[in-house]
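The values are calculated or read from the model by the stated rules, or taken from the named source; none is laboratory data. From a predicted model like this one, the values you see are computed outputs, not experimental measurements. A quick note on method: Cβ atoms are made from the backbone with ideal geometry, for glycine too, and the neighbour counts reach across all protein chains shown.
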Amino acid sequence: MDLFSQIENPEREEILALRKELEQANYQYYVLNAPTMSDYDFDQKLRRLQDLEALYPDMFDLNSPTQHVGSDLIEAKGERLKVKGTEKGKGKGFAQVAHRYPMLSLANTYSQEEIEDWLRKLPANVEIVCELKYDGLSISLWYENGTLTKALTRGDGVKGDNVIDNIKTIAAIPQHMQALESEVQIPDFVELRGEVLLSWESFERLNKEREAQGDALFANPRNAASGTLKLQDPNEVARRGLDCYLYYMLGEELPATKHYDRLQIAKQWGFPISDAVKVCHSLEEVMAYIHYWDTERKNLPVATDGIVLKVNDLSTQEELGYTAKSPRWAIAYKFPAEKQLTRLNAITYQVGRTGVVTPVANLEPVQLSGTIVQRATLHNEDFIRQLDIREGDMVWVEKGGEIIPKIVSVEPRTKSQEPRPISNDRTDEGDKSLLLAPYSIFPKNCPECGTPLVRVEGEAAWRCPNEASCPPQIKGKMEHFVSRKAMNIDGLGSETIDLLYSQGLLHNIADIYDLKQDDIARQERLGEKSAQNMLAGIEASKQVPWARVLFALGIRMVGETTAKKIARRFPSIDQLQWANVEQLTAIDDVGEQIAKNIIAYFNDLSNLEIINRLREAGVQMESQEEEQAPQSDILQGKSIVVSGVFSHHSRDEYKAMIEAHGGKNVGSVSKKTSFILAGENMGPEKRKKAESLGVEILTEEQFLELIKN
Ligand code: IVH
């Protein structure tokens, strides 16, 4: 394969684009609990990616979302994560523990034909266990000598967060297995896997409370359960009332040779096992089960999103084995999305932080998969044109994975509503007198500030170009500026920005550094203490290095990594300000459009004024020498292997510490290795090798002690 055809081939590009999109969707779903893509869309895209990867085996990549499950680790990507939302105590992180057995996902399908195909390919006369697919989050419970010792989330499938204190609040989960009820002896070790859920009732109660307190609402019970399980306050978790069903048993010397029998034994040990589990012997029985539960599930107290089919016999399961992501002995059939017809009452327009104007459908409220829907995005003008959608139309709304509703089609209009010319043509509004029904025109001016909108060639979006004074854009810029990966200003969140903006105290990012204790403290919702916190956060932000300041400025398309690369090439803002397109595009990752955006940014006088004010306030506008220099040379000349799962810092953080103290990170143990920094569950091979070579093994604590001195 020559380089040229690799670049030109749109399918290869699609593979890369899909991988990126799905990674992002996984992150939104598992880590932030704020999904942006419906399960259905995700599954379709994943399937497309699988098909394309099969066509281009040379593009195989272990990091592709087809090869691993999404990660819900609080410290995903090696960084402490501030989880969005107003949840108290969130985001502190849990101890990460390696799974004894990888936690996989399930292959799934929305097609009954594919279920038939899957069944046909199995050995003749196999028994199939049918179960409900509960829509919560998976949990792995470890019982050692009958006592619950660990409760791990799926994490990245290899290691998970130990959320045992929260799990102990779930009444359905026994902290000690019951020996008496069961004839079967309790094993030394057994792992039970299942789903943690929040009932529809608890979900609705929780959302009502949140609404009353002005907190963001959870989109569905799954998100609510996931957000709850990651709280740091077990009392609050207990109050919310999580529930659980278990569906799988793992271990070395366990009783029974069939999955179904194991579940029944688990039930006798006191575990919550669903009564809906059934052994089926034919395709007909399986289909009858699916059809029965497709309707009946609406009467269940908890959310389900499909049916799981599993081969009953455990040795047959073993023969069938696993793919990288899922067992071959199981498959999930997902229920088709529910659709509803409702009236599109009005189209309104929302201006985002980058100035993009998004049309929003305001619908006659309808009940859909257990939640009420009254708004849906219309994406952009092209989408409105393609569906030929107008105010007053009856539209079909669908909730793919029961998350974000979308409009999928428009009901044909009745005679009395026609004729209706395409009205959103910006050069000619059309003759309104011809119209019998209300209709929509994409606005010519920004609904927030009145500035004429522009449409960048090649982009679908209309944009408000008034970056400097359009309210949602100003507020969005400030929110970005204070965010964790930018200036990381504690005590100044989006609500406070809103408040201070409406009080006329903040107009742009430079104003943040002019805030005075009294100005803040006299606000009704703030007071002395918050004022002190905020000012301390603002003061601390003056130490934020230049690369992050550059990211914080919010120049369009200059993300965190790009900013780092630019800052390395241009170690001060004075140098960057005069850079031309050639110099900029010579930097890795910087294309022509980014270069133009940077130049346009510095050509705008209001930006230069802001930069000057930031500089005067003491914000870092150039690299400090210490940024590159090591913090000490205590590890000078040492080659160090980092292995295992850690609880105080992530593996990447340890690697960064080693470098900052002059040491070198190496991947494998040899006689040149100075020592191994070992966490929990360090690989047994590495340990053996280290012992045979006499290489010293340090624990996390010993290592931290070492660099402290
Ligand atoms: S079995 C190795 N059974 O669905 C296979 N999973 O999409 C383990 N789920 O991660 C999964 N109900 O969180 C199984 N009855 C059930 C299930 C179930 C819900 C979840 C589970 C899994 C996900 C896969």
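So here's what we get for this one:
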quantity: Residue ranges of helices (runs of 4 or more DSSP H) in region 253-372 with at least 3 members more than 30 Å from Asn63 (Cβ to Cβ) and among the aromatic types (Phe, Trp, Tyr); calculated: 283-296
quantity: Among (1) at pLDDT below 85; (2) touching a Lys or Arg at 6+ places or on another chain (Cβ under 6 Å); (3) loosely packed, with under 14 Cβ neighbours inside 10 Å - the single one Gly667 does not satisfy; calculated: (2)
quantity: Members of region 93-112 that are buried (at least 19 other Cβ atoms within 10 Å of the Cβ), part of a strand (DSSP E or B) and away from the ligand (no atom under 13 Å from the Cβ); calculated: Gln96, Val97
quantity: Inter-residue pairs, beta-carbon under 9 Å, first touching a residue at least 12 places away in the same chain (Cβ under 8 Å) and more than 11 Å from the ligand (Cβ to nearest atom) and in region 299-313, second part of a helix (DSSP H, G or I) and not aromatic (Phe, Trp, Tyr), 6+ apart; calculated: Pro301/Glu201; Val311/His259; Val311/Gln317; Val311/Leu320; Asn312/His259; Asn312/Asp261; Asp313/His259
quantity: Unique residue being crowded, with 20+ Cβ neighbours inside 10 Å, over 20 Å from Ile610 (Cβ atoms) and hydrophobic (A, V, I, L, M, F, W, C) when the list is Ile520, Ile573; calculated: Ile520
quantity: Count - residues of region 18-52 that are of a type in the set (Val, Ile, Thr), crowded, with 20+ Cβ neighbours inside 10 Å and not in a helix (DSSP H, G or I); calculated: 0
quantity: Wholly within region 590-662, helices (runs of 4 or more DSSP H) carrying at least 3 residues that are over 34 Å from the mean Cα position of the chain (by Cα); calculated: 605-617
quantity: Looking only at region 181-219, and only at residues there that are in contact (Cβ under 8 Å) with a residue 12 or more places away in the chain and of a type in the set (Gly, Ala, Ser), the one that is farthest from the ligand (Cβ to nearest atom); calculated: Ala216
quantity: Scan of region 113-138 for residues that are surrounded by fewer than 15 Cβ atoms within 10 Å (Cβ to Cβ) and either within 25 Å of Gly227 (Cα to Cα) or touching a helix residue (DSSP H, G or I) at 6+ places or on another chain (Cβ under 9 Å) (or both), ordered by number; calculated: Glu116, Arg120, Pro123
quantity: Residue check for Val83: crowded, with 18+ Cβ neighbours inside 10 Å and either modelled with pLDDT under 85 or touching a helix residue (DSSP H, G or I) at 6+ places or on another chain (Cβ under 8 Å) (or both); calculated: no
quantity: Residue match in region 691-708 (condition: part of a helix (DSSP H, G or I) and touching a Lys or Arg at 6+ places or on another chain (Cβ under 6 Å)); calculated: yes
quantity: Strands (runs of 3 or more DSSP E) (entirely within region 113-210) containing at least 1 residues that are hydroxyl-bearing (Ser, Thr, Tyr); calculated: 128-134, 137-144, 147-153
quantity: Any hit, region 118-131, residues being within 16 Å of the ligand (Cβ to nearest atom) and among the polar types (S, T, N, Q); calculated: no
quantity: Selection count where residues are within 34 Å of the chain's Cα centre (by Cα) and under 22 Å from Ser632 (Cα atoms), scope region 664-696; calculated: 6
